């Protein structure tokens, strides 16, 4: 039995995970329901010699987070819906300039100021398409306080490994929920740090990728002089209008995620072994869905739960396999239908896909998914 | 160091010539910044030059240091992150009038308020040049821009007053004509351990000049000479300052710097442990 079990709030577990992963820099702006992440970072970072700064706005929070990472520190920022909208500009910069960092979005009801203290899962598509232009996206979505701790570490590792911003999606429910968390895993945690150049400083090519498609990243001030820009650039880091350069850069940016999907895509399968009916749900909704699955099983229905933990890139292969196994999939999410469109895209050839959503700021409870499932299965 | 030696030492020669139009004052301003760095014998490896978007912000690409060409208006926000995460870096921000006082106005006043050790050089050409001549916050009232076809009805920002009021601890203005004075101001700005703001008045013969019938590049350069008067002279002989714009060192009062204040918190917590 571990002796490092604590009762933590979801947002608190996020900061604990970030610190365990090696976070040394945080720049952000207060916004409900993510504010505790900033508050706890402000308290804990200077105590380990790290830095916290409250910026003048969300845009600056994202910009400073990228600046901190370029100076060599593992960096994070956290926000919620309206702030996530503002972060999109520099999130795109992070993608094109390949700057590792973690952006937490504790989702709340939208659009606009919406329902600041109510839960939502309305930013699933914004996490993918929020910033303009095609770009690589990694977004993860845990469903318990323990998993927030574990997945936050995972987000930092993926950011460092793939040199890209990683989005951690939470919802107000799991962010403000308190559960026990085993922090003892801290000592056995695998920590990944970005590849840094070790060769000659003269002639360093900051965007020349190795075979794994990831270039070495030098910290500012270490002698590897480089130019970092949000313009389309070649391996030297300098801007170019050449169609070949643009194609090469974009292809590599997308491919570096694509070829590592196996490592990036995480999901949970619950009672799916013999299932002919599945619910697909994530975050807080997946907890209700699990309950529904158990009740349907009691009724003799062979139900199971598929829970994507990695939202982007899409768990396409797993969803296709699922669609070949079951007759019907219900996608339940706290929005008007976002993830369900992706499920339909990959699954509708093989099985029936139904949607259950809720947008009134109330969580989806097990009863309503149960009633909906019984109706669909009639 | 003569200019060609300066170019060899501090510029990415293969990236030159620059993209600025013939007669643009930005090259002189960029030269003054590098000259100041050379005069202070700073370690180029420890210098980080951050810029935003616009004509001014292309300067970072030509300068052989750690350079960061960011998004429009956000240079100071990126620079704040760089400086906080590694206070040993000497951080300079190169920006323009639109970049730092319109889209990036919020970042300017808050960087100044914090007194974080960043030296900001604002290339002020009174217009949005990169997009073809729209009015900016420093376009004089009644002047023309492509988006002010009937004359600009906006009041203009005095960038130096803005920076000073917001809390910058070193503030000065000079023009591309007075390159030597500009160099000195940049030097003093870098030496100030805190937020320094230097307005470098430049000229845009292509858009601002043409639209407002200000003559050719030479005539515009003449205005950068004749329209300005040093604050010290103006104080002694106010009659000379009539209808002139002040330049020189406006403010120089060091205060405790931001990252040093934060370091005190770190040190205090270390002791308590």
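The values are calculated or read from the model by the stated rules, or taken from the named source; none is laboratory data. All of these numbers come straight from a predicted model, not from anything done at the bench. Every residue, glycine among them, receives a Cβ derived from its backbone with ideal geometry; neighbour counts consider all protein chains shown.
Quick notes
- Options B:40, B:92, B:16: the member that is more than 21 Å from residue B:224 (Cα to Cα) and touching a strand residue (DSSP E or B) at 6+ places or on another chain (Cβ under 8 Å): B:92
- Note on the range B:194-273: enclosed strands (runs of 3 or more DSSP E) holding 2 or more residues that are within 24 Å of residue B:55 (Cβ to Cβ) and away from every other protein chain (no Cβ under 14 Å) are B:196-201, B:245-252.
- Positions within the range B:37-69 being assigned to a loop (DSSP other than H, G, I, E, B) and crowded, with 23+ Cβ neighbours inside 10 Å, in sequence order: B:52, B:53, B:54, B:55, B:65
- Filter pass, residue B:76 being assigned to a helix (DSSP H, G or I) and farther than 17 Å from residue A:60 by Cβ: no
- Just one of the listed residues (A:27, A:18) is crowded, with 23+ Cβ neighbours inside 10 Å and at the interface with chain B (Cβ under 10 Å from one of its Cβ atoms), and it is A:27.
- For residue A:53, the criteria (1) within 25 Å of residue A:183 (Cβ to Cβ); (2) touching a strand residue (DSSP E or B) at 6+ places or on another chain (Cβ under 6 Å); (3) within 14 Å of chain B (Cβ to nearest Cβ) hold in every case but one, which is (1).
- Qualifying residue in the range A:59-72 (condition: within 14 Å of chain B (Cβ to nearest Cβ), part of a strand (DSSP E or B) and surrounded by fewer than 24 Cβ atoms within 10 Å (Cβ to Cβ)): no
- Some residue of the range A:217-224 being modelled with pLDDT of 95 or more, over 26 Å from the mean Cα position of the chain (by Cα) and more than 12 Å from every other protein chain (Cβ to nearest Cβ): no
- The range A:44-58, residues that are on the phi < 0 side of the Ramachandran plot and either surrounded by fewer than 24 Cβ atoms within 10 Å (Cβ to Cβ) or not in a strand (DSSP E or B) (or both): A:44, A:45, A:46, A:47, A:48, A:50, A:52, A:54, A:55, A:56, A:57, A:58
- When residues of the range A:210-221 are limited to those that are touching a residue at least 40 places away in the same chain (Cβ under 8 Å) and assigned to a loop (DSSP other than H, G, I, E, B), the one surrounded by the most Cβ atoms within 10 Å (Cβ to Cβ): A:220
- The selection criterion, being surrounded by fewer than 24 Cβ atoms within 10 Å (Cβ to Cβ), under 18 Å from the mean Cα position of the chain (by Cα) and over 23 Å from residue A:56 (Cβ atoms), holds for residue B:31.
- Condition check for residue B:29: within 20 Å of residue A:221 (Cα to Cα), at pLDDT 95 or above and more than 14 Å from chain A (Cβ to nearest Cβ): no
- Top-ranked residue in the range A:73-86 [being in contact (Cβ under 8 Å) with a residue 40 or more places away in the chain and not in a strand (DSSP E or B); ranked as nearest to the other protein chains (Cβ to nearest Cβ)]: A:73
- Qualifying positions in the range A:232-245 - in a loop (DSSP other than H, G, I, E, B) and more than 7 Å from chain B (Cβ to nearest Cβ): A:232, A:234, A:235, A:236, A:237, A:240, A:241, A:242
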